Amino acid sequence: MKDEGRFERDNARISPSDSRKASGSQLHGSAAVSTMSTCAVVLAPHTGSRYLSAQLASLASQPRAPDEVVGVDDASTDDTVARLEHFAAAAPFPVRLHPLPEHGGTCRAFETGFRATSSDIVLICDQDDSWVPEKVEVMVHRMDLEPQAPMAFSDAALIAAAGRTIRRSR
């Protein structure tokens, strides 16, 4: 349901002002100094242990590290939580875990993650994603260039289990 730039989904109201604070330049003396928004990555795995090594390695190798990672485990039945805890202990950025007591689905898990962060920008990382090294830097930069934009989308490549690119999204 549209309501002046807001939308509702699963009883959650989200607006551009809720999800991102305005960013841009701040004036210091006579020179403008660019500011960079804070950025969180939200994970919502469900029994996704087999994907976590590649996913977490791609997050840890970002030159512009996220300011935090929020991992919302959707009641996994494998060792997903243990792997997330192990990653959190060694990650080069804060990692907060929120295990859900019962499986509620992807939307509920991501919503829990959105509500758990106060970062200006929230990037969604599906459980089978593996990001290129510049993903966080490019997304934050692009969102900072357009502070009124409520969201952004990036290109993707569909990768086979053996690691071969099947096709690109555009």
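The values are calculated or read from the model by the stated rules, or taken from the named source; none is laboratory data. Note that the coordinates shown come from a computational prediction; the quantities given were computed from them, not determined experimentally. Don't worry about glycine lacking a Cβ; one is built from the backbone with ideal geometry, like all the others, and counts go over all protein chains shown. For accessibility, only protein heavy atoms count, side chains too; no ligands or nucleic acids. Shrake-Rupley method; radii C 1.70, N 1.55, O 1.52, S 1.80 Å.
Observations on the structure shown:
- Search result, residues across the range 65-97 that are touching a residue at least 24 places away in the same chain (Cβ under 8 Å), farther than 19 Å from Glu134 by Cα and of a type in the set (Asp, Glu): Asp73, Asp74, Asp78, Asp79
Residue-by-condition table, conditions (1) assigned to a helix (DSSP H, G or I); (2) open to solvent by 80 Å² or more (accessible area, probe 1.4 Å); (3) within 18 Å of Ser76 (Cβ to Cβ):
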position	(1), (2), (3)
Glu102	no, yes, yes
Arg108	yes, yes, yes
Asp128	no, yes, yes
Glu137	yes, yes, no
Val140	yes, no, no
Asp144	yes, no, no
Ala152	no, no, no
Leu158	no, yes, no
Ile166	no, yes, no
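- Residue match in the range 68-76 (condition: out of contact with any helix residue (DSSP H, G or I) (no Cβ under 6 Å at 6 or more places or on another chain) and farther than 15 Å from Thr38 by Cα): yes
- Residue list for the range 87-100, filter: surrounded by 15 or more Cβ atoms within 10 Å (Cβ to Cβ) and either within 12 Å of the chain's Cα centre (by Cα) or of a type in the set (A, V, I, L, M) (or both): Ala88, Ala91, Val95, Leu97, Leu100
- The residues of the range 117-126 that are buried (at least 17 other Cβ atoms within 10 Å of the Cβ) and not in a strand (DSSP E or B), listed by number, are Thr117, Ser119, Asp120.
- Qualifying positions in the range 42-62 - in a loop (DSSP other than H, G, I, E, B) and either open to solvent by 50 Å² or more (accessible area, probe 1.4 Å) or not β-branched (Val, Ile, Thr) (or both): Ala44, Pro45, His46, Gly48, Ser61, Gln62
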